[in-house]
Amino acid sequence: MATITSANMNFVLDEVVSSVMFESFFDEPYMYPMLYDIRTSNRRRERSASVGGLGEYQVKQRTQAAAEDQITEQFEKDFVHESYGKSVAVERELIDDEEYGVLQEIGSQLGIMAAYSMEKTAATVFNDAFAGASHKGEDGKSLCNAAHVNSDGGNSQSNTGTETCGLSGIQTTRLNMRKFTNYRGEKLAIRPDMLIVPPDLEETAFEIVRSTGSTVVEKNAGVANFYNGRFDLAVWDFLTDTNAWFMADSRLMKQNLIWYQRTPLEQFGDGNLFTGTRRVGGYYRNSYGFKDWRWVFGNNPS
């Protein structure tokens, strides 16, 4: 039987914390993977660029070449990774007294708070959608802005409003999204199919997207609900504005709302229990944000 030394005592401690940490981490109810496109990265930063769309197809005569079009670069967007970490100091006496329940709780909290931190940071894109204080798109504007433009300053468009979350607000927002155009002013196939709301609007939004009859105040009871089944509903506890809500095209959202996981969550240990204490903790590295804005329309009534 192998002798337990100060060296492998550290290993035992780290393994106890690590196993519980990852179990708790993956047990948390994530929201951001449903919204973001999760991508891997092996660089210090990731860079993306957008180009103007093509014009429509033109009639091609026999023996003649197809009409040539030109693609122009619009914007660039950088995703620069940041590191996150949390550690806890563990005394040798905890091991001596076999306080493994405490060690398991430490591991559990490290996992839970890693998930919490990822969810909270991911939600800042939406919480900052109207101000743009910390998150801007490739055009340098906030996510929801009334003055989105091309790189040459043309084709001004808006994806922000003040509609309340109700049937009339859903109708207005949905129609506004379907009028979005690309960088050349050509119509896009926008298909809004998701509502993203804070818990305060959960019941209202659920009634809109799931009721078979229109019982909300804008319609008479017994009238068929046109929006029944048209939208998925994402209720995010980390949205801080109780009145703001968003409509999204989930297909385009996955192309433009991006989370780069440079380094997945990992457990680390530092120090030596034989000399007194050992720090255990978690670490991950990522970047996140959005490129183009045409996948979403935000309403901020207040």
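Read-outs: derived from the displayed coordinates by stated rules, not from any lab. In this text the structure is predicted, and so the values were computed from the model without any measurement. Using ideal geometry, Cβ is built from the backbone for each residue, glycine included, and neighbour counts are taken over all protein chains shown.
Spacing of the modelled spin labels on Thr124 and Ser168, each 7 Å from Cα toward Cβ, amounts to 3.7 nm.
Note on the chain: with charges restricted to the Cβ of Lys and Arg (+1) and Asp and Glu (-1), its dipole about the Cα centre is near 1680 debye. When the charge dipole of region 27-180 is built from unit charges on Cβ atoms (+1 for Lys and Arg, -1 for Asp and Glu) and taken about the Cα centre, the candidate among Cys165, Val88, Ala123 whose Cα reaches farthest toward its positive end is Cys165.
Projecting label points 7 angstrom from Cα along Cα→Cβ for Ala67 and Ser211 puts them 4.8 nm apart.
Give me the extension gain from Lys86 to Ser156: residue separation times 0.36 nm, minus the current Cα-Cα distance, reported in nm with one decimal. Walk me through the intermediate numbers first.
Values: separation 70, 0.36 × 70 = 25.20 nm, distance 4.40 nm.
Contour length minus Cα-Cα distance gives 20.8 nm.
Note on Lys187 and Glu93: with the Förster distance fixed at 51 Å, the Cβ-Cβ geometry gives a FRET efficiency of about 0.15.
Quick one: net charge around Ala123, please, counting Lys, Arg +1 and Asp, Glu -1 for every other residue with C-beta under 12 Å from its C-beta. Net local charge, Ala123 excluded: -3. Return the calculated 222 nm mean residue ellipticity for the chain, to the nearest 500 deg cm²/dmol, obtained by summing -39500 (n - 2.57) across DSSP H runs with n ≥ 4 and dividing by the residue count. So the helix-based figure for the chain works out to -9000 deg cm²/dmol.
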